[in-house]
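**Student:** Handing you a structure now.
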Amino acid sequence: MISRATCSIGFCWVILAWTGCAHRPVAVARAPEPKAEPVAAVSDMPLSLAGDDTRVKISFHSSQNESLQEEFEQDDICFLRAGPWRIDCMTSGSWLTFAEDENDASPLLEDNPMWQVHASRPNSSGGTLMQFFGILFLVGASVDRVPSTLADYLDRPGPHAQEAAALAERLLEDRPLVLPGIARGGAFTVTMELTDSGRQALEDALEGNTDSGTGIRMVRSGTPRPHARRQ
């Protein structure tokens, strides 16, 4: 669960324009204002979120990557990359997926209730803001679930346990991990670092779980992970 978010209203509108869903503001007569800083400089302002297991900063950029746009399916919202792993944020929730084997996907969030809630007045600015914050917290909450999901994966090793252990070890380093992301409207980055709770979860999963074979040994049992979202 995300416990707090900091965001200026001006920054929100910059991001809404970036996503292509902001409405044209109503003209209001007012005195001339001093020349403002370029919008690009404002759009680089990080947005900070704090969860149980991670602290996250989200930075949006104006650039687009058309080649990645072709990968989007109807229910896809955005993708984040963490080495060979990918965080898939969708209208129905989110998954931690091994990019080269989409049959190996673990759920991060199994629901996305904000996506089903809409403003009562169609095409309103309030509805646009609701969608923006829905995406914002979907990304933040998904990233916050990565440590516990990795820990569960290591407890009952899947086909890419070595890669999962490598990501866990990277997260445990004393420097934030930067995750490049792509959405339909452009590129962004998420900088994540562990809280004490997230660090403890990964340390417990890695501790004593090595042997001379695979390097990962199951130490706790659990129910099987569900099948991947894509067939």
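**Student:** Just give me the residues in the range 103-139 being more than 16 Å from the chain's Cα centre (by Cα), hydrophobic (A, V, I, L, M, F, W, C) and part of a helix (DSSP H, G or I), in sequence order.
**Tutor:** Leu129, Met130
**Student:** Checking Tyr153 against (1) of a type in the set (Phe, Trp, Tyr); (2) loosely packed, with under 15 Cβ neighbours inside 10 Å; (3) under 22 Å from Gln200 (Cβ atoms), which single condition isn't satisfied?
**Tutor:** Failed condition: (2).
**Student:** Have a look at Ser62, Ser43, Ser48 and point out the one that is of a type in the set (Ser, Thr, Tyr), modelled with pLDDT of 85 or more and surrounded by 10 or more Cβ atoms within 10 Å (Cβ to Cβ).
**Tutor:** Ser48
**Student:** Only one residue in Ala105, Ala166 is surrounded by fewer than 20 Cβ atoms within 10 Å (Cβ to Cβ), in contact (Cβ under 8 Å) with a residue 24 or more places away in the chain and among the aliphatic types (A, V, I, L, M), so which one is that?
**Tutor:** Exactly one residue qualifies, and that residue is Ala166.
**Student:** Still on this structure, I have one more. Would it be correct to say that Asp211 is at pLDDT below 90, among the charged types (D, E, K, R) and over 19 Å from the mean Cα position of the chain (by Cα)?
**Tutor:** yes
**Student:** Still on this structure: Considering every residue within the range 187-206, establish whether at least one is at positive phi and either modelled with pLDDT under 85 or of a type in the set (Val, Ile, Thr) (or both).
**Tutor:** No, the conditions are met nowhere in the range 187-206.
**Student:** Before we move on, is Ile216 over 28 Å from Asp76 (Cβ atoms), modelled with pLDDT under 95 and buried (at least 19 other Cβ atoms within 10 Å of the Cβ)?
**Tutor:** Yes; evaluated as a whole, the condition is true for this residue.
The values are calculated or read from the model by the stated rules, or taken from the named source; none is laboratory data. Everything numeric here is computed off the predicted structure, so don't read it as measured data. Note: ideal-geometry Cβ built from the backbone for every residue, glycine included; neighbour counts use all protein chains shown.
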